[in-house]
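S.K.: Before I ask anything, let me first share the structure, which is written out below as structure tokens.
The values are calculated or read from the model by the stated rules, or taken from the named source; none is laboratory data. Source: prediction; values computed, not measured. Because the Cβ atoms are built from the backbone with ideal geometry, glycine has one as well, and the counts that use them run over all protein chains shown. Just the protein is used for accessible areas: all its heavy atoms, side chains included, with ligands, DNA and RNA removed. Shrake-Rupley method; radii C 1.70, N 1.55, O 1.52, S 1.80 Å.
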Amino acid sequence: MVANVTLAGCMVGPKYARPPVEQPAGFKSPAPEGEQVAIPEEWWRLYRDPDLDELIATANASNQTLRQAVARVDEARALARVAASYRFPTISLDPMVSRERLSANRASTLTGAPVQRAATVSDWLVPLDLSYEVDVWGRVRRSLQAANAQTAASVDDEAVIRLAVQTDVAQDYYTLRLLDAQLEILTRTIVSYQEQVRLLSVQVRTGLASSIGLDQAEAQLQSTLAQQQDVARARADEEHALAILCGRPAPSFTVPPNPLRGSSPPAVPPGLPADVLARRPDVAEAEQSVVAANALVGVATADLRPRFTLTSSAGFESSAIQSLFDWQSGLASIAQGIMAPIFDAGRLKANLHAVRAQYDQAVAVYVNQVLIAYGDVEDALTDLHALTTQVGSLEEGVKASENYRRLAEVQYTNGLVDYLTVIDAERTLLANQLALAQATDFQMSASIHLIKALGGGWQDRQ
């Protein structure tokens, strides 16, 4: 017994060490320009949009995918408590009463002669049983390590899903605002086109203009009306998708129009590549899976060694309930057992090899997740830098297009150009306005992608 207690301090199996991953000195793409701000836990407040704050609060409370993740965390925590319970003895109470009628023709246990007398025997038994596995090789402790790591992984997975839901809501929201901006541009343009068609109709009736210009203007108007209907349909679909993210029924969910105008994203510092390892919950989740797999290798290693158990029983037994709890009715027993594998046709060793292969898989997943994290940040930085430049160019393009349209209208009024030049100027302006709105939305999405790539407001607990 003393030897067992002494041996209980040792644990077989490999000691955990974080898998090595190459860490670049820095990111290639430039950081966002402007006054840089740290990412708070509620990162969406950096965009200073009350509507976005309300939508994400709704999603945090009602998104069904997120609720599933929370339930998985509860399940993992309960299973960890199950694993922890094996560190302690199991004590059970199994009271029993039996009444037996003995045969009159039975043989005496002393003489072997027939007794020739029936008998009824009662037995009252109240045992308290104890069983305990002496954790000599650390099998129980390794199992608990694995369960705790799996719980931590489930917590990190919930953080991954929560961040994904939040960023999806933000990106869908800004897409909705883009479509609102495009609808506003198209509506304003359609009003202008309708007025032009009206004026050209008057000019054609009075002989001041040919019907060709009127047909061109009418065709441009109808094409823009069709484009408006397509954008309105896309907005409705986007609003339905946002309703699902927020855990609300689409028929009763409405987001008021709020055109995207001149918005600029916050400047978020990416930090160093090594910082990503402490910021991203998916990287932490992958590492906890490695920790769990490493612990399971220890469990499989311990299974190759003898298993020591301690069992005992104490209680009372009597033929009459009146004397059941007398001290003379007391009983007790204690036993120590050992179970050692002798021959299993290589099953336990094969299981160890399988668990080691699972560990190698977990390591590969972890390393790949780190590489994905680096790539996500580089993508977001590259996109954000390029889109910021693109937005600046399109803003200048819109100004030039407005001047082009104004000059074309003046020259057409003075008879210097035909109406085709005016139509071309209007098409150019409309295309640049829509492209600017779209590029602004892409810039906001790239900013949100960067925050997601950096792990949002999540921070490693370790």
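S.K.: From the set of residues in region 69-90 that are in a helix (DSSP H, G or I) and out of contact with any helix residue (DSSP H, G or I) (no Cβ under 8 Å at 6 or more places or on another chain), which is least open to solvent (accessible area, probe 1.4 Å)? First the steps, then the outcome.
M.R.: Taking region 69-90 and keeping what is in a helix (DSSP H, G or I), we get 69-85.
Narrowing further to those that are out of contact with any helix residue (DSSP H, G or I) (no Cβ under 8 Å at 6 or more places or on another chain): 71, 74, 78, 81, 85.
On the way: Ala71: 57, Asp74: 86, Ala78: 38, Arg81: 155, Ser85: 61 Å².
Applying the filter and picking the extreme gives Ala78.
S.K.: Scan region 356-366 and tell me whether some residue there is touching a helix residue (DSSP H, G or I) at 6+ places or on another chain (Cβ under 7 Å), open to solvent by 70 Å² or more (accessible area, probe 1.4 Å), among the charged types (D, E, K, R) and closer than 30 Å to Asp156 by Cβ. Can you show your working first?
M.R.: Going residue by residue through region 356-366, those that are touching a helix residue (DSSP H, G or I) at 6+ places or on another chain (Cβ under 7 Å) are 356, 358-359, 362-363, 365-366.
Still in the running and open to solvent by 70 Å² or more (accessible area, probe 1.4 Å): 356, 358, 365.
Keeping just the survivors that are among the charged types (D, E, K, R) gives 356.
Subset that is closer than 30 Å to Asp156 by Cβ: 356.
Yes, region 356-366 contains at least one residue that is touching a helix residue (DSSP H, G or I) at 6+ places or on another chain (Cβ under 7 Å), open to solvent by 70 Å² or more (accessible area, probe 1.4 Å), among the charged types (D, E, K, R) and closer than 30 Å to Asp156 by Cβ.
S.K.: Here is a further query. Contact list please: Cβ distance under 6 Å, first residue in region 200-215 and closer than 15 Å to Thr421 by Cα, second residue among the aromatic types (Phe, Trp, Tyr) and surrounded by 12 or more Cβ atoms within 10 Å (Cβ to Cβ), pairs at least six apart or on different chains.
M.R.: Matching pairs, first to second residue: Gly213/Tyr419.
S.K.: Here is a list of conditions, (1) under 22 Å from the mean Cα position of the chain (by Cα); (2) under 30 Å from Ser264 (Cβ atoms), and Asp180 meets all of them except one; can you say which number that is?
M.R.: (1)
S.K.: Can I ask one more? Quick one: which residue in Ala119, Ala153, Ala181, Ala159 is open to solvent by less than 30 Å² (accessible area, probe 1.4 Å), among the small types (Gly, Ala, Ser) and touching an Asp or Glu at 6+ places or on another chain (Cβ under 7 Å)? Explain how you work it out, then say what you get.
M.R.: Values: Ala119 fails: touching an Asp or Glu at 6+ places or on another chain (Cβ under 7 Å); Ala181 fails: touching an Asp or Glu at 6+ places or on another chain (Cβ under 7 Å); Ala159 fails: touching an Asp or Glu at 6+ places or on another chain (Cβ under 7 Å).
None of the other options fit; the residue is Ala153.
S.K.: Another question about this same structure. Testing Val140 on (1) closer than 29 Å to Ala332 by Cβ; (2) open to solvent by 70 Å² or more (accessible area, probe 1.4 Å); (3) in a helix (DSSP H, G or I), one condition comes back false. Which one is that?
M.R.: So Val140 meets the others, but not (2).
S.K.: Specify which of the listed residues (Lys452, Lys399) is of a type in the set (Lys, Arg) and within 19 Å of the chain's Cα centre (by Cα).
M.R.: After ruling out the rest, the residue left standing is Lys452.
S.K.: Also: Would you check which residues across region 9-63 are over 25 Å from the mean Cα position of the chain (by Cα), open to solvent by 60 Å² or more (accessible area, probe 1.4 Å), among the hydrophobic types (A, V, I, L, M, F, W, C) and over 30 Å from Arg305 (Cβ atoms) and list them?
M.R.: Selection gives Ala25 alone.
S.K.: Now for a separate question. For the subset of region 439-454 comprising residues that are within 12 Å of Ala380 (Cβ to Cβ) and of a type outside the set (A, V, I, L, M), which member is surrounded by the most Cβ atoms within 10 Å (Cβ to Cβ)?
M.R.: Ser447
S.K.: Taking the condition at positive phi, surrounded by 16 or more Cβ atoms within 10 Å (Cβ to Cβ) and out of contact with any His (no Cβ under 6 Å at 6 or more places or on another chain), does Gly247 pass?
M.R.: For Gly247, the condition - at positive phi, surrounded by 16 or more Cβ atoms within 10 Å (Cβ to Cβ) and out of contact with any His (no Cβ under 6 Å at 6 or more places or on another chain) - is met.
Each row is one residue, and each column tells you yes or no for (1) in contact with a Gly (Cβ under 6 Å, 6 or more places away or on another chain); (2) of a type in the set (Gly, Ala, Ser); (3) farther than 30 Å from Leu144 by Cβ; (4) open to solvent by 40 Å² or more (accessible area, probe 1.4 Å).
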| position | (1), (2), (3), (4) |
| --- | --- |
| Ala284 | no, yes, no, no |
| Ala295 | no, yes, no, no |
| Thr301 | yes, no, no, no |
| Leu304 | no, no, no, yes |
| Leu310 | no, no, no, no |
| Asp326 | no, no, yes, yes |
| Ser329 | no, yes, yes, no |
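S.K.: In the set Ala400, Ala362, which member is more than 30 Å from Gly26 (Cα to Cα) and assigned to a helix (DSSP H, G or I)?
M.R.: Ala400
S.K.: Condition first: open to solvent by 70 Å² or more (accessible area, probe 1.4 Å) and under 14 Å from Ile185 (Cα atoms). Now tell me which residues in region 224-239 satisfy that.
M.R.: Residues satisfying the conditions are Gln227, Gln229, Asp230.
S.K.: May I ask you to list the residues in region 289-342 that are of a type in the set (Ser, Thr, Tyr) and part of a helix (DSSP H, G or I)?
M.R.: Ser289, Thr301, Ser323, Ser329
S.K.: Something else: Which of the residues belonging to region 382-428 are over 22 Å from Gln443 (Cα atoms), without any contact (Cβ under 8 Å) to a residue 12 or more places away in the chain, open to solvent by less than 80 Å² (accessible area, probe 1.4 Å) and hydroxyl-bearing (Ser, Thr, Tyr)?
M.R.: Once the filter is applied, which keeps residues that are over 22 Å from Gln443 (Cα atoms), without any contact (Cβ under 8 Å) to a residue 12 or more places away in the chain, open to solvent by less than 80 Å² (accessible area, probe 1.4 Å) and hydroxyl-bearing (Ser, Thr, Tyr), region 382-428 yields only Tyr412.
S.K.: Next question, about the same structure. Can you list residue pairs whose Cβ atoms sit under 7 Å apart, with the first residue in region 11-26 being over 21 Å from Ser143 (Cα atoms) and the second being modelled with pLDDT under 90 and in a loop (DSSP other than H, G, I, E, B)? Count only pairs 6 or more apart in sequence or on different chains.
M.R.: The qualifying pairs are Gly26/Leu272.
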